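> I'd like to ask some things about the structure below.
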Amino acid sequence: MDVVTQLLGIIVPLLALAAFVIPLLSLYIKKKGFFDVYVTGFSTLALLISFFTALKVINTGKPLLYAYGGWPPPLGISYEIDSFNAVLGVLTAGIMWFIVLYSVWYSSHMDSYVWYYTLLLGLETGLLGCLYTGDAFNLFVMIEVLSISAYGLVAYYRNKPQAIEAAIKYGMIGAVATTLYFLALVFIYASFGTLNMADISLKAHQLPFFNLISNDIYGHIMAASAVALALALWAFTFKSALFPNHFWLPDAHPEAPTPVSAALSGLVVNVGVYAIIRFMYTIFGKASIVGTIGFRDVVLWALLILGIVSGLVGALLMIVQSDVKRLLAYSTISHIGLIYMGASIGLSSVSQESMSLGLTAALFHIINHSVGKALLFMATGILIWAAGTRDLDKMSGIGRLYPAASLAILLGFFQLMGLPPFGGFFSKLLLYQALISAGLIIPAVMVILISAISILGYIKAMYALIFLPPGSEMTKKPGTGLASAVVLVLGVTCIILGILAPFYIIPWLNNVVSTSLTYQGVLNYINVFREALLKLMPG
Amino acid sequence: MDAKWLGKWAGVSILVFITYIIFSGSISGYDLLTGAIVAVIVGGLVANFVITEPRKLLEVGRLGWLIVYAIYYFFAAEVRAHLDVMKRILHPRMPINPAIVRIPYRVETDYAMTLIANSITNTPGTVVVDLDPEKKIFYVHWIDAKTLEAEKARKHVSESFEYYAKRIFD
Amino acid sequence: MSPETLILGILGFLGLVSVIATFLAIMERDLLRAVLFSAIQSTVYAFIYYLLMAPDIVLVYIPVAVGLYPAIVLFLIKKTERYEGESGENH
Amino acid sequence: MGFDYILVIIGEVLIAIGIFCDLVASIGMLRFPNFYVRLHAATLGTIGGAVVPLIGAALVAAGSDFLGTYRWFMAGGAVITAILVLMLAPAGSHALARAAHRSGAAKVFPKIADHLEEDRGGMK
Amino acid sequence: MIGLEEQVTTYILYAIPIYMIAFSLYIVRALKGPTIPDIVLAIDALTYDLAAFLVILSIFFRSPILIATAIVLALWVYSLDIYVAKYLEARELGE
Amino acid sequence: MRTTKENLVIAISMALFVLLLSLVLAVGGLGYILPPPQVRLIASWYLRVTFNPFERLFSAMAPEGVTSIVWDFRGLDTLFETTVFYLAIIGSIAIARGVIGGHKEVDEKKLGLSLIVKSVTRISLGMILAVAASIALHGHLTPGGGFQGGASAAVAPLILLVVFSRYFIEKHGITKNTMLILRSIGLFGIGMTAFIVVIIALASGAPAFVFQNQPKTIAPTGMPFEIGGALTGGTLWFFNVFEMVAVAAGFTIIFLLLAIPEEEYKKILRLGGGEHE
Amino acid sequence: MIELETYFFTILVLSMFVNLGLALYGVLARPSLVKKIIALTILSDTANTFAIIVGYARWPSPTLPIKPPVLTNLNPSQVDILVFSQQAVDPLPQALVLTAIVIGLAVTLFLVFLTLQAYRLYGTTDVRKISKLRG
């Protein structure tokens, strides 16, 4: 077992352990600086490990498997990282790192930073755990870790009635969603007799491999898969705020502390998308029993349509918002719609190339959206802090006082709008191409329509924040150096993503997708599982 | 860490140890060892809550009275009361005559008082509804109030319990 | 009737009882009563778990569902309002 | 006909008593007119219906060697449970009765006297 | 002469239905109970009897390890009593 | 506002819908024969592997199937389950941050329930804790374990809180901060036990896995499964002990927070502060 | 011909489905937040019961009861272990449910604290009134 695999196994429990000791330390160490360094240190560690993991996975082209406790996979839990979730892992750890740095500045204005940092570490644990796990039930547990820290952080400003109400709405329906996902797992276990994703995939694809530990299937496997998929999809679309389940997002995301809004909008919604892609492509792929009878097509069509509706609803409602964070939250809904349109391209009629093109677009758009949205929330956070309000009318022109933050905001808005030299442009273009090549003309047109509508909202916000002359009573507050640096670095990242996109990033991401989500990728995923199973069994 | 506290600690530890061993149902080395550790820790934690006068624990006579009392209670008092209430339940006309009556008590310590009260409540037909520690009165709900006078009621309900409770705890 | 059939019959009976208790718990407007009905439902579930041979679950479930849920909900309705649908005596 | 057998027989008799008490107590719970009277039926159920069969089960377990080595665990557990029920049940029903009387949640309706009410006077 | 195991289990087999009748009567009272204390009292009696029944059933199932459930049941139902009583009596549960 | 009748209709129609759905699914999804005649293959593996002295390199060496799954086979789940509970408590503390509750001088005799209940509670305290400890410490042998033991032990502070009052128990040292320390220690212990085999193996340079308990074919380091002839199940014993401490302390924190009178919270609410947009 | 055992078991499964529906109705449609919390606990309990039901199996013979997944023999032979693996219920769903119960408890606890805070801020726990007050 090499060092990278070992570190991969250690990092997520280590983050949890780091969160465990914070209250103990806080009783004896009263300096804020210590906790800043502590949390930043652990998130740096997470970033490094996720980076090296991704490097290894992509270099070797073979998924990485870490079996906890040394038990062969269906008996024990294993982390399984193929190139798809490796990339998402680096994205998550990276943006989380920026968010933690920004929080160092942000939390110096809070009344109590200890609990905030604890919950933030919990959020990072949950995000990385959700992405890395190769076990369906562990995914449930990690989603709960993620959710409970998210509820806690949304309600962190406990004296604001809207924050508490948003957290209740989010928490109550979120609890129902995860319970239904648990029910889905019960059905999966009842009929597949296993909880390991690769093992379920193996059985769903009806591959001829004698699995010593769980070889049988029980009952009516189609009925169970259908119920499980229906319930699981409901839970995941809730987590990622797809159209009928989006109602909580515009309340919850703006009410959280700003860095948390960035994490929620930039990263947490990705988890739902990731889980759906995992379920629809790796576990119940095109060649699986669900795919062969057309049920999968129905689900994907539904997701495509909901994606379109979600994009339109988000874009339209964005225009009428006067609260800048709320505007950004609706923009998240719109972009999630676009991502779903890319992710639901794996219909049985679509060719392999178009499918991998669409998934590449979805993945690239996830990256672009995460960077851009995190940047925007954090940069507007500086202005909101300076102005003391989130109302666009009252904030007019505040950006003039903070040139660095304003520059970052401009870059971020261009990224989300999809202006040519930025990453957002290329991902939308790719999405359009993919949909056209898949023969889905109307959705392709919808991509353009959604982009066009949402530009109105972005321009409105941009104009109010930056181009209007500042009011006379506004004065510049000092001490935003760190925050400005963070958002500027993210802004530069947007440009780099755009400039490198056509030559380097898109082919590379296409390679990532085709080694992980195509049929060959799924076979790879299952093969690693089989190798680990045979290696860890005695005798 | 005075002697009194150590006495309380030892007393509670023994109680905890016995409970632990009976509940575990074995006297293997593992159980004895973990039992001892648990007893010491739990004893230290709750000693102040449980026992106020550790010296009484050492008087064997009290334990003897407790056993005598248990035998009397289970084989005489309880049987009589159970049969009585069963008869009332199964009787077609359900002859009940309920009242809340005053019943005075004359013991000093909390535990003796609790023993009496629990004995009264545990015999079907009488339930302690409330008590007044200053006037030393139990208010007992009696399913078949033979009398409403405090002293006479005491003879019916609690005199025998009090006799033993005085010897066990006071 | 074999012992197995008897045990499974009890399970079916308990399922029906739990439906009644749940129905009352959901429909009751007095939240205190609703909590107590949900405690009955929890007891019945605990019995079901026992008959399904899950002692570990019973040991977890009883503290959580019979002990803690009613306790926290009682704390909650003591601090807020007891009746659903209309304001309590505080308003 | 060893010593074990005698233990089992005694235990079974105690269990039989317990079952009978339990049944009668449950009928009483239904028949009795108000909360305070039902308290007595509940006492019948907890002492006669729970403590006695618990002791009986402990005896049966101690005498049944088909249960394996864990039967002592079982007997011990049953005895501890019995002792705890014996201590906790009356305290619980007393607490409940007092609370019901103080808060007026249950009326003392068929009664010939209520000295507690009188002593507390106008106080609720 | 039948074996001890068979004798004990047959005995308990006939006891089970009687217990179930008693439980259903308790549950009727618990669901009907006109006042709050009535409901709690019925749950109380039901649960203590259930604890005894669980012990007896664990002999029937020949699984002595099932016994630990009974004591937990008894403990927590006592606490249910206590805080319902406190709820009815006190202004705040913590006081 | 809907009437009860309408509610009833909605409820019944919903129930009917679910019932019809269930008829299809219960039979299809859960297997045609209810209940199935045999457990699943993976389950029989768990049952064979949980305590198997003949396969020392492929066994959890604890006779309790559920505990060995909870802390050995799927220890990661349980660690994060504990994390969820921990984060929920942290979130609750964050909501109640700054609320101290104050050690008011009050007449304890007047507070709480009657003297009888108080005495009974005092006597049974030790017994409750002994039973809880027994459940936790035998978690690898009989049903029970850390969470079960901890939840049973939490009865003690809970009934103390309700029967006496929160002033009483805070005077006797059961405060939010001590419980938070205890909880952190317990959680830290759980985390360290998860890593202990890795740390031991690091010294000898052998490969090892996080959450490893017994030696495996490719990772020969492991915890001893018995000490002096008494089974301890390797890491399971430590997990159980630490989990018990953590859970009991966690429950106590929850009730201490809930028991703080509303006036204290209102005071903090009126002060406000600390928030910025 | 349906066996009597299957019939009884199906009643249990169906009543769990009914409970699920009732609890869902309670969470989604009842106005009081406290009632929603109660319904939520019932919902997760019912989901857990499904898992336990999935782990159950028929008795080895009509008179020999199935065992909990705990090996009671501390010095087993290989035959003992094999017999045990055929006579015990599935331990995996039980472990999953253990996890799920604690998670449900954690979420419920946090929701209780949120509800209390909402009451302090809004003076009511009725969602209709809260959304009206929020405007």
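> Which residue, of F:Ser165, F:Ser152, is of a type in the set (Ser, Thr, Tyr), farther than 30 Å from F:Pro53 by Cα and in contact with a Gly (Cβ under 6 Å, 6 or more places away or on another chain)?
So the residue among F:Ser165, F:Ser152 that is of a type in the set (Ser, Thr, Tyr), farther than 30 Å from F:Pro53 by Cα and in contact with a Gly (Cβ under 6 Å, 6 or more places away or on another chain) is F:Ser165.
Residue by residue, here is whether (1) at the interface with chain A (Cβ under 10 Å from one of its Cβ atoms); (2) modelled with pLDDT of 85 or more holds:
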| residue | (1), (2) |
| --- | --- |
| F:Gly65 | no, yes |
| F:Val70 | no, yes |
| F:Gly75 | yes, yes |
| F:Thr82 | yes, yes |
| F:Ile89 | yes, yes |
| F:Glu105 | no, no |
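> Inside the range F:5-54, can you point out the residues that are modelled with pLDDT under 75, surrounded by fewer than 18 Cβ atoms within 10 Å (Cβ to Cβ) and within 11 Å of chain A (Cβ to nearest Cβ)?
Residues satisfying the conditions are F:Leu21, F:Val24, F:Tyr32, F:Ile33.
> Quick check on my filter: what residues within the range D:45-71 are facing chain B (nearest Cβ under 9 Å) and modelled with pLDDT under 85?
Passing the criteria: D:Thr69, D:Tyr70, D:Arg71.
> Restricting the search to the range D:68-100, which residues are in contact (Cβ under 8 Å) with a residue 12 or more places away in the chain and touching a strand residue (DSSP E or B) at 6+ places or on another chain (Cβ under 6 Å)?
Of everything in the range D:68-100, just one residue is in contact (Cβ under 8 Å) with a residue 12 or more places away in the chain and touching a strand residue (DSSP E or B) at 6+ places or on another chain (Cβ under 6 Å), namely D:Ala97.
> So which of A:Leu401, A:Leu312, A:Leu392 ends up being at pLDDT 90 or above, surrounded by fewer than 24 Cβ atoms within 10 Å (Cβ to Cβ) and more than 30 Å from A:Tyr519 (Cβ to Cβ)?
None of the other options fit; the residue is A:Leu312.
> Do any helices (runs of 4 or more DSSP H) entirely within chain E hold 3 or more residues that are of a type in the set (D, E, K, R) and within 14 Å of chain F (Cβ to nearest Cβ), and if so, which?
Output list reads E:68-89.
> Further, regarding this structure: Which residue pairs have Cβ atoms under 6 Å apart, sit 6 or more places apart or on different chains, and have a first residue in the range F:179-192 that is at negative phi and a second that is of a type in the set (S, T, N, Q)?
Listed pairs, sorted by first residue: F:Met179/F:Thr252.
> Something else now. Of all residues in the range A:74-116, which are assigned to a loop (DSSP other than H, G, I, E, B) and within 11 Å of chain F (Cβ to nearest Cβ)?
A:Pro74, A:Leu75, A:Gly76, A:Ile77, A:Met110, A:Asp111, A:Ser112, A:Tyr113
> I'd like to know if the range D:49-56 contains one or more residues that are surrounded by 19 or more Cβ atoms within 10 Å (Cβ to Cβ), of a type in the set (Gly, Ala, Ser) and over 13 Å from E:Asp49 (Cα atoms).
Checking the range D:49-56: at least one residue is surrounded by 19 or more Cβ atoms within 10 Å (Cβ to Cβ), of a type in the set (Gly, Ala, Ser) and over 13 Å from E:Asp49 (Cα atoms).
> I've got another one for you. Confirm whether E:Ile27 is aliphatic (A, V, I, L, M) and more than 19 Å from D:Tyr36 (Cα to Cα).
So E:Ile27 fails the test.
> Which helices (runs of 4 or more DSSP H) sit wholly inside the range G:30-135 and have at least 3 residues that are more than 7 Å from chain F (Cβ to nearest Cβ) and among the hydroxyl-bearing types (Ser, Thr, Tyr)?
Where helices (runs of 4 or more DSSP H) fall fully within the range G:30-135 and carry at least 3 residues being more than 7 Å from chain F (Cβ to nearest Cβ) and among the hydroxyl-bearing types (Ser, Thr, Tyr), they are G:33-55, G:91-122.
> If you scan the range A:54-71, which residues turn out to be assigned to a loop (DSSP other than H, G, I, E, B) and surrounded by 23 or more Cβ atoms within 10 Å (Cβ to Cβ)? Let's see the steps before the verdict.
Going residue by residue through the range A:54-71, those that are assigned to a loop (DSSP other than H, G, I, E, B) are A:61-63, A:71.
A:Pro63, A:Trp71 - these are the residues of the range A:54-71 that are assigned to a loop (DSSP other than H, G, I, E, B) and surrounded by 23 or more Cβ atoms within 10 Å (Cβ to Cβ).
> A further question follows. Only residues that are open to solvent by less than 10 Å² (accessible area, probe 1.4 Å) and without any contact (Cβ under 8 Å) to a residue 12 or more places away in the chain: list them for the range G:18-34, please.
The one that is open to solvent by less than 10 Å² (accessible area, probe 1.4 Å) and without any contact (Cβ under 8 Å) to a residue 12 or more places away in the chain: G:Gly21.
> Just checking, does the range F:236-258 include any residue being assigned to a loop (DSSP other than H, G, I, E, B), more than 14 Å from chain E (Cβ to nearest Cβ) and either open to solvent by 20 Å² or more (accessible area, probe 1.4 Å) or closer than 24 Å to F:Ala132 by Cα (or both)?
Looking through the range F:236-258, none of the residues is assigned to a loop (DSSP other than H, G, I, E, B), more than 14 Å from chain E (Cβ to nearest Cβ) and either open to solvent by 20 Å² or more (accessible area, probe 1.4 Å) or closer than 24 Å to F:Ala132 by Cα (or both).
> Please name all residue pairs, on different chains or six or more residues apart, with Cβ atoms under 6 Å, provided the first residue is in the range A:274-299 and is farther than 11 Å from A:Ser344 by Cβ and assigned to a loop (DSSP other than H, G, I, E, B) and the second residue is open to solvent by 20 Å² or more (accessible area, probe 1.4 Å) and not polar (S, T, N, Q).
A:Ala287/A:Tyr519
> Given the condition surrounded by fewer than 24 Cβ atoms within 10 Å (Cβ to Cβ) and under 30 Å from F:Phe225 (Cα atoms), answer yes or no: does some residue in the range F:168-183 qualify?
yes
> Which pairs have Cβ atoms under 6 Å, sit 6 or more apart or on different chains, and link a residue in the range A:22-34 that is within 14 Å of chain F (Cβ to nearest Cβ) to one that is of a type in the set (Val, Ile, Thr)?
Short answer, once both residue conditions are applied: A:Ile22/A:Thr118; A:Ser26/A:Val114.
Yes or no, residue by residue, for (1) more than 14 Å from A:Phe137 (Cβ to Cβ); (2) open to solvent by less than 10 Å² (accessible area, probe 1.4 Å):
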{"residue": "A:Gly152", "(1), (2)": "yes, yes"}
{"residue": "A:Ala155", "(1), (2)": "yes, yes"}
{"residue": "A:Pro161", "(1), (2)": "yes, no"}
{"residue": "A:Glu165", "(1), (2)": "yes, no"}
{"residue": "A:Gly171", "(1), (2)": "yes, yes"}
{"residue": "A:Val176", "(1), (2)": "yes, yes"}
{"residue": "A:Thr179", "(1), (2)": "no, no"}
{"residue": "A:Gly193", "(1), (2)": "no, yes"}
{"residue": "A:Ala204", "(1), (2)": "yes, yes"}
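> So B:Met94 ticks every box in (1) surrounded by fewer than 16 Cβ atoms within 10 Å (Cβ to Cβ); (2) within 8 Å of chain D (Cβ to nearest Cβ); (3) modelled with pLDDT of 85 or more but one. Which box is left unticked?
Here B:Met94 clears every test but (3).
> Determine whether the range G:49-57 contains at least one residue that is surrounded by 24 or more Cβ atoms within 10 Å (Cβ to Cβ) and among the polar types (S, T, N, Q).
yes
> Quick check, is A:Ile29 within 26 Å of the chain's Cα centre (by Cα) and either of a type in the set (A, V, I, L, M) or at pLDDT 90 or above (or both)?
no
Conditions tested, residue by residue: (1) surrounded by 24 or more Cβ atoms within 10 Å (Cβ to Cβ); (2) under 18 Å from D:Ile112 (Cα atoms); (3) modelled with pLDDT of 80 or more.
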site: B:Val107; (1), (2), (3): no, no, yes
site: B:Asp110; (1), (2), (3): no, no, yes
site: B:Thr114; (1), (2), (3): yes, no, yes
site: B:Ser119; (1), (2), (3): no, no, yes
site: B:Thr123; (1), (2), (3): yes, no, yes
site: B:Asp130; (1), (2), (3): no, yes, yes
site: B:Lys136; (1), (2), (3): no, no, yes
site: B:Trp142; (1), (2), (3): yes, yes, yes
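> Which condition from (1) within 10 Å of chain B (Cβ to nearest Cβ); (2) in contact with a Pro (Cβ under 6 Å, 6 or more places away or on another chain); (3) buried (at least 20 other Cβ atoms within 10 Å of the Cβ) is the one that D:Ile15 breaks?
Going through (1) within 10 Å of chain B (Cβ to nearest Cβ); (2) in contact with a Pro (Cβ under 6 Å, 6 or more places away or on another chain); (3) buried (at least 20 other Cβ atoms within 10 Å of the Cβ) one by one, D:Ile15 breaks only (1).
> Could you give every pair whose Cβ atoms fall below 9 Å, whose first residue belongs to the range F:123-137 and is open to solvent by 10 Å² or more (accessible area, probe 1.4 Å), and whose second residue is not in a helix (DSSP H, G or I), counting only separations of at least 6 or pairs across chains?
Within 9 Å, the pairs are F:Leu137/F:Gly144.
> Only helices (runs of 4 or more DSSP H) wholly contained in the range B:1-80 count here; list those with 2 or more residues that are of a type in the set (D, E, K, R).
B:3-24
> While we're here: Among the residues of the range A:206-225, write down those that are surrounded by 22 or more Cβ atoms within 10 Å (Cβ to Cβ) and in a helix (DSSP H, G or I).
A:Ala224, A:Ser225
> Here's a follow-up. Looking at the range D:21-37, which of the residues that are open to solvent by 10 Å² or more (accessible area, probe 1.4 Å) and at the interface with another protein chain (Cβ under 7 Å from one of its Cβ atoms) is nearest to B:Ala77 (Cα to Cα)?
Restricting to residues being open to solvent by 10 Å² or more (accessible area, probe 1.4 Å) and at the interface with another protein chain (Cβ under 7 Å from one of its Cβ atoms), the top hit is D:Leu23.
The values are calculated or read from the model by the stated rules, or taken from the named source; none is laboratory data. Everything numeric in this text was worked out from a predicted model, so none of it was measured. Heads up, the Cβs are rebuilt from the backbone with ideal geometry, glycines too, and the neighbour counts pull from every protein chain shown. Note: accessible area is taken over every heavy atom of the protein model, side chains too, but ligands, DNA and RNA are not part of it. Shrake-Rupley method; radii C 1.70, N 1.55, O 1.52, S 1.80 Å.
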